[in-house]
Amino acid sequence: MRIVLIGASGTIGKAVANELGERHELITAGRHSGDLRMDVTDPASIRMAFEQAGAFDAVVSCTGHTTWKPFVEMTAEDYRFGVNDKLMGQVNLVLIGREYISDGGSFTLSTGVTDHDPVPMGSSASMVANALSGFVMAAATEMPRGQRINVVSPGVIEEAMADYGPFFRGHCPVPAARAALGYAKSVEGLQSGQTFRILG
Ligand SMILES: NC(=O)c1ccc[n+]([C@@H]2O[C@H](COP(=O)([O-])OP(=O)(O)OC[C@H]3O[C@@H](n4cnc5c(N)ncnc54)[C@H](OP(=O)(O)O)[C@@H]3O)[C@@H](O)[C@H]2O)c1
């Protein structure tokens with residue numbers, strides 16, 4: 001397969017690139033990294049990157065930011081940041097990518113363990129993750145041309161504990177290489193509409 005991988009330079013993206021790169025051709029994309037320049041918060045840049053990518057069979061998204069703050073300090077603007085970035089950034093990858101991807105192609109998005117296990121300062125992450133799960137569940141039933149869509153929901157990543165550890169006390173970290181298997185299952189398997197949870 002030819003796979004467009006967004007966020008290949010990140011903690012999870014690097015492991016996904018190692019896993020899928022063994023068997024497939026990767027076209028990597030990011031704002032400042034990868035083969036193609038793409039900012040998922042900018043639909044025009046998504047379209048341009050897909051046009052430059054040539055034919056492809058899968059889109060894998062390993063990107064998405066939300067605001068991490070105590071709930072009492074969260075503002076509407078803070079939630080809007082996560083909605084524009086992690087939620088609509090990944091939704092727009094699907095809305096635009098479905099025009100370009102091959103018949104039977106797949107989309108794989110990223111959420112995280114906060115979809116069912118809330119953590120301190122993670123209310124935006126939980127909100128966005130559940131919105132994405134709902135989107136994937138419903139979109140899967142209406143995807144055109146045999147296309148599939150899933151989301152991978154990893155636990156906190158071992159390699160990211162220096163940054164995220166304080167939010168995830170009591171959680172068992174997941175090595176990025178193990179999280180990457182969820183993405184392989186989505187891309188190389190047959191399921192659609194699923195949330196693949198990879199927990200420690
Ligand atoms: N790290 C964890 O413990 C963990 C656990 C569970 C779930 N997740 C989720 O998994 C996803 C990836 O997390 P990560 O920790 O691997 O991220 P990361 O290390 O911060 O890497 C993010 C990657 O995405 C690219 N990127 C960032 N903003 C972008 C944008 N607007 N448009 C296109 N590309 C963009 C970055 O490259 P450029 O800088 O070149 O754009 C980079 O390659 C996120 O949704 C995160 O919430 C992470």
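Within the stretch 103-113, one or more residues are touching a residue at least 12 places away in the same chain (Cβ under 8 Å), surrounded by fewer than 24 Cβ atoms within 10 Å (Cβ to Cβ) and either β-branched (Val, Ile, Thr) or farther than 28 Å from ILE27 by Cα (or both). For the residues GLY189, GLY134, the requirement of being away from the ligand (no atom under 13 Å from the Cβ), closer than 21 Å to THR63 by Cβ, modelled with pLDDT of 95 or more and surrounded by fewer than 18 Cβ atoms within 10 Å (Cβ to Cβ) singles out GLY134. Touching a strand residue (DSSP E or B) at 6+ places or on another chain (Cβ under 7 Å) and either under 20 Å from GLY193 (Cα atoms) or within 13 Å of the ligand (Cβ to nearest atom) (or both), is that true of ARG178? Yes; evaluated as a whole, the condition is true for this residue.
When the stretch 33-92 is limited to residues that are β-branched (Val, Ile, Thr) and free of Cβ contacts under 8 Å to residues at least 24 places away in the same chain, the one that is nearest to SER124 (Cα to Cα) turns out to be THR75.
SER126 falls short on exactly one of the conditions (1) more than 11 Å from the ligand (Cβ to nearest atom); (2) touching a residue at least 40 places away in the same chain (Cβ under 8 Å), and that condition is (2). Taking the stretch 137-171 on its own, how many of its residues are hydrophobic (A, V, I, L, M, F, W, C), more than 26 Å from GLY189 (Cβ to Cβ) and surrounded by fewer than 19 Cβ atoms within 10 Å (Cβ to Cβ)? Total meeting the criteria: 3. Take the stretch 6-21 and flag every residue that is more than 12 Å from the chain's Cα centre (by Cα) and more than 6 Å from the ligand (Cβ to nearest atom). Once the filter is applied, which keeps residues that are more than 12 Å from the chain's Cα centre (by Cα) and more than 6 Å from the ligand (Cβ to nearest atom), the stretch 6-21 yields LYS14, ALA15, ALA17, ASN18, GLU19, LEU20, GLY21. Starting from residues that are among the small types (Gly, Ala, Ser) and assigned to a loop (DSSP other than H, G, I, E, B), keep the ones in the stretch 23-37 and report whichever is nearest to the ligand (Cβ to nearest atom). Going through the qualifying residues, I end up with SER33. When every residue of the stretch 98-116 is checked against the conditions, at least one turns out to be at pLDDT 95 or above, near the ligand (Cβ under 10 Å from one of its atoms) and among the charged types (D, E, K, R). Scanning the stretch 85-108 for residues that are among the polar types (S, T, N, Q) and outside any helix (DSSP H, G or I), we see that the one that is farthest from the chain's Cα centre (by Cα) is SER102.
Scanning the stretch 38-72 for residues being away from the ligand (no atom under 11 Å from the Cβ), surrounded by 13 or more Cβ atoms within 10 Å (Cβ to Cβ), part of a loop (DSSP other than H, G, I, E, B) and over 17 Å from the mean Cα position of the chain (by Cα) gives a total of 2. Do you know which residues across the stretch 175-198 are under 16 Å from the mean Cα position of the chain (by Cα) and among the aliphatic types (A, V, I, L, M)? Scanning the stretch 175-198 gives ALA176, ALA177, ALA179, ALA180, LEU181, ALA184, VAL187, ILE198.
The values are calculated or read from the model by the stated rules, or taken from the named source; none is laboratory data. All figures in this text were calculated on a predicted structure; none of them were measured in a lab. Positions of Cβ are generated from backbone atoms using ideal geometry, with glycine treated the same way; all protein chains shown enter the neighbour counts.
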